[in-house]
Amino acid sequence: MSEHGLRVAVVGVGHLGRHHARLLAAMDGVRLVGVVDTNAARAQEIAASVGTTAHTSWQDLAGAVDAVTIAVPTEAHVEVALGFIAAGVHVLIEKPLARSVAEADAVIAAAAARGVRLAVGHTERFNPAVTAARAHLVHPKFIEVHRLGTFPERSLDIDVVFDLMIHDLDLLLSIVDEPVVSVEAVGVPVLTPRIDIANVRLKFAGGCIANLTASRISRDRVRKIRFFQPRSYLSIDYAAQEVERWTIEAGPAGTPAIQGGKLEVAKDEPLRCELDDFVCAVRDGRPPRVTGEQGRDALTLATTIVERMDHVR
């Protein structure tokens, strides 16, 4: 680590990577030494906006940084990550971790062998609304998720399960913390050769059922998750960073009464929180909040879901 701060670079400054660069450039104790993009004009544009240098090849920075965030297309995750890991560089890889579980295992093994931190970019884990709700989640029995978006100009190389639903799969695995024992899934390729809309029903070992819908062909953006558990209900709006909690309590006459409303949420930018956690993990020598193994678990479940879809089509 340099005496002038942690030397960091961003590889891939498209739709999401540009925000990595913006946030890292403003972070205390961090020196954004460069951005990389195969589109030279794009690299120059983003570099100029954050006051750093532009590169078109990640190899230019492999020996000049302490940590890197990787926001290139999924098909290039493994090549770029393994290159930096071999150079002893800590890496944060945007979701999904890799194209396959085998590739994910290769990255995890390489990071462990080289002794570098490996984080995976599942930003909803860092959503302040999720943080506020966690303390009130006690053995949910039914969970309903809607993640709907308009048709994008990016991430069309992967199914909507890997593009959008995987955020919620990771979050469910961290909250329910039980094996998934049953998967029912249907997916439809509407506007692309890939699955554009999907519905999945998961059953966990303890009996919890989760119903998830993900779409990238909707007219409106919806990002909500609802938890139903004994004597209480919680609803999270990811985008608005709002949480409602309702419970059944004994009223003045001893009769049941519904009480609740919005919980207090300390709003923040989830990506900023994620990047801050990664930087702190590197500095402190601790695991990041979303580890490579957890990223692989979400990828494994997403892969199983798509395989089941292939079975029913």
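The values are calculated or read from the model by the stated rules, or taken from the named source; none is laboratory data. Source: prediction; values computed, not measured. FYI the Cβ positions are ideal-geometry reconstructions off the backbone, even for glycines, and counts take in every protein chain you see.
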**OP:** With the checklist (1) assigned to a loop (DSSP other than H, G, I, E, B); (2) over 23 Å from the mean Cα position of the chain (by Cα); (3) modelled with pLDDT under 95 in hand, flag the one item Thr38 doesn't pass.
**Re:** (3)
**OP:** Among the numbered conditions (1) without any contact (Cβ under 8 Å) to a residue 60 or more places away in the chain; (2) closer than 28 Å to Val8 by Cα; (3) buried (at least 17 other Cβ atoms within 10 Å of the Cβ), tell me where Val160 comes up short.
**Re:** (2)
Original post:
Which of the following residues is under 23 Å from the mean Cα position of the chain (by Cα) and under 14 Å from Ala9 (Cβ atoms): Val65, Val91?
Top reply: Val91
Original post:
Does any residue of region 73-84 turn out to be surrounded by fewer than 15 Cβ atoms within 10 Å (Cβ to Cβ) and farther than 21 Å from Arg272 by Cα?
Top reply: yes
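Any residue that is at negative phi, part of a helix (DSSP H, G or I) and of a type in the set (Lys, Arg) - is there at least one of those in region 9-21?
For region 9-21, residues at negative phi, part of a helix (DSSP H, G or I) and of a type in the set (Lys, Arg): present.
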Original post:
Restricting region 238-274 to residues that are out of contact with any Lys or Arg (no Cβ under 9 Å at 6 or more places or on another chain) and acidic (Asp, Glu), which is surrounded by the most Cβ atoms within 10 Å (Cβ to Cβ)?
Top reply: Glu269
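Being exposed (fewer than 15 other Cβ atoms within 10 Å of the Cβ) and within 25 Å of the chain's Cα centre (by Cα): is that true of Arg286 here?
yes
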**OP:** Check whether at least one residue in region 142-162 is touching a helix residue (DSSP H, G or I) at 6+ places or on another chain (Cβ under 9 Å) and acidic (Asp, Glu), and report yes or no.
**Re:** yes
**OP:** Scan region 95-141 for residues that are within 16 Å of Gly292 (Cα to Cα), among the aliphatic types (A, V, I, L, M) and in a helix (DSSP H, G or I) and jot them down.
**Re:** Val101, Ala102, Ala104, Ala106, Val107, Ile108, Ala109, Ala110, Ala111, Ala112, Ala113
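Of the residues that make up region 224-232, is at least one among the basic types (Lys, Arg), in contact (Cβ under 8 Å) with a residue 60 or more places away in the chain and over 30 Å from Ile85 (Cα atoms)? Talk me through it step by step, then tell me what you get.
Going residue by residue through region 224-232, those that are among the basic types (Lys, Arg) are 224, 226, 231.
Subset that is in contact (Cβ under 8 Å) with a residue 60 or more places away in the chain: 224, 226.
Within this subset, residues satisfying the condition of being over 30 Å from Ile85 (Cα atoms) are 224, 226.
Yes, some residue in region 224-232 is among the basic types (Lys, Arg), in contact (Cβ under 8 Å) with a residue 60 or more places away in the chain and over 30 Å from Ile85 (Cα atoms).
Based on what the data block shows, is Ala129 assigned by TED's automatic domain parsing to the domain that holds Ala239, out of contact with any Lys or Arg (no Cβ under 7 Å at 6 or more places or on another chain) and under 26 Å from Ala302 (Cβ atoms)?
Details: assigned by TED's automatic domain parsing to the domain that holds Ala239: yes; out of contact with any Lys or Arg (no Cβ under 7 Å at 6 or more places or on another chain): yes; under 26 Å from Ala302 (Cβ atoms): yes.
So Ala129 passes the test.
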Original post:
Given the structure, is Ser235 of a type outside the set (A, V, I, L, M, F, W, C), in contact with a strand residue (DSSP E or B) (Cβ under 7 Å, 6 or more places away or on another chain), buried (at least 16 other Cβ atoms within 10 Å of the Cβ) and not in a strand (DSSP E or B)?
Top reply: no
**OP:** Go through region 106-142 and count every residue that is of a type in the set (D, E, K, R) and surrounded by fewer than 16 Cβ atoms within 10 Å (Cβ to Cβ).
**Re:** 2
**OP:** Determine which member of the set Tyr238, Tyr233 is modelled with pLDDT of 95 or more, within 30 Å of Ala71 (Cα to Cα) and not assigned by TED's automatic domain parsing to the domain that holds Val72.
**Re:** Tyr238
Original post:
Out of Arg125, Arg134, Arg147, Arg117, which single residue is under 20 Å from Val200 (Cα atoms) and either touching a Pro at 6+ places or on another chain (Cβ under 7 Å) or basic (Lys, Arg) (or both)?
Top reply: Arg147
Original post:
Across region 1-29, what is the number of residues that are crowded, with 18+ Cβ neighbours inside 10 Å, in contact (Cβ under 8 Å) with a residue 40 or more places away in the chain and more than 14 Å from Ala71 (Cβ to Cβ)?
Top reply: 2
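Anything in region 179-201 that is assigned to a loop (DSSP other than H, G, I, E, B) and either over 21 Å from Asp297 (Cβ atoms) or touching an Asp or Glu at 6+ places or on another chain (Cβ under 9 Å) (or both)? List them, or say none.
Answer for region 179-201, where residues must be assigned to a loop (DSSP other than H, G, I, E, B) and either over 21 Å from Asp297 (Cβ atoms) or touching an Asp or Glu at 6+ places or on another chain (Cβ under 9 Å) (or both): Pro189, Val190, Leu191, Thr192, Pro193, Arg194, Ile195, Asp196.
Determine which member of the set Leu32, Leu82, Leu92 is assigned to a strand (DSSP E or B), closer than 30 Å to Val161 by Cα and either free of Cβ contacts under 8 Å to residues at least 40 places away in the same chain or assigned by TED's automatic domain parsing to the domain that holds Arg286 (or both). Quick ask: steps written out before the conclusion?
Values: Leu32 fails: closer than 30 Å to Val161 by Cα; Leu82 fails: assigned to a strand (DSSP E or B).
Of the residues listed, the single one that is assigned to a strand (DSSP E or B), closer than 30 Å to Val161 by Cα and either free of Cβ contacts under 8 Å to residues at least 40 places away in the same chain or assigned by TED's automatic domain parsing to the domain that holds Arg286 (or both) is Leu92.
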